[in-house]
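Following: one structure in structure tokens, then a few remarks.
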Amino acid sequence: MKGMARIAWVVVAVLTVMLMVASVPVLFERFNDVCTEATDVCVQKSEVPTAALGGLRDAGISLGAYAAFTIGVEILCKVVWISVAALLFVFRSRDRMALLVSFFLPLS
């Protein structure tokens, strides 16, 4: 049973990394767009509201730089979660709770 769980962990980890890499261009496009709708709708769409665009320009930050920084932070967080999950998987995969936590960490 634990062998199947380990195989499932590897599949989930590989799929998560592939999805993370494949989503970068889409995320860059989303964060590089300006939303003209209400602010809460823009946040749900991951687009920059028109009101925030002025603040970015006043700070001297281009829309592309904002998009790159935001995506970089998201990727950094994902890499940290995957690394912690991999450490748990390598060193504590015999413990059921550690295996369960290491299974769900890449999904967060």
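Structural remarks
- Within region 7-32, the set of residues being charged (D, E, K, R) and either within 13 Å of the chain's Cα centre (by Cα) or surrounded by 15 or more Cβ atoms within 10 Å (Cβ to Cβ) (or both) comprises ARG30 only.
- Condition met for CYS42 (at pLDDT below 80 and either within 21 Å of LEU105 (Cα to Cα) or surrounded by 15 or more Cβ atoms within 10 Å (Cβ to Cβ) (or both)): yes
- Hits in region 70-107 (condition: in contact (Cβ under 8 Å) with a residue 40 or more places away in the chain and among the aliphatic types (A, V, I, L, M)): ILE71, ILE75, ILE82, ALA85, ALA86, LEU99, LEU107
- Filter result for the condition that a residue is under 28 Å from VAL11 (Cα atoms) and β-branched (Val, Ile, Thr), over ILE71, ILE61: ILE71
- Listing of helices (runs of 4 or more DSSP H) fully contained in the chain that carry 3 or more residues being of a type in the set (Gly, Ala, Ser): 2-31, 50-58, 63-92
The values are calculated or read from the model by the stated rules, or taken from the named source; none is laboratory data. Everything quoted here is computed from the prediction, not taken from an experiment. Positions of Cβ are generated from backbone atoms using ideal geometry, with glycine treated the same way; all protein chains shown enter the neighbour counts.
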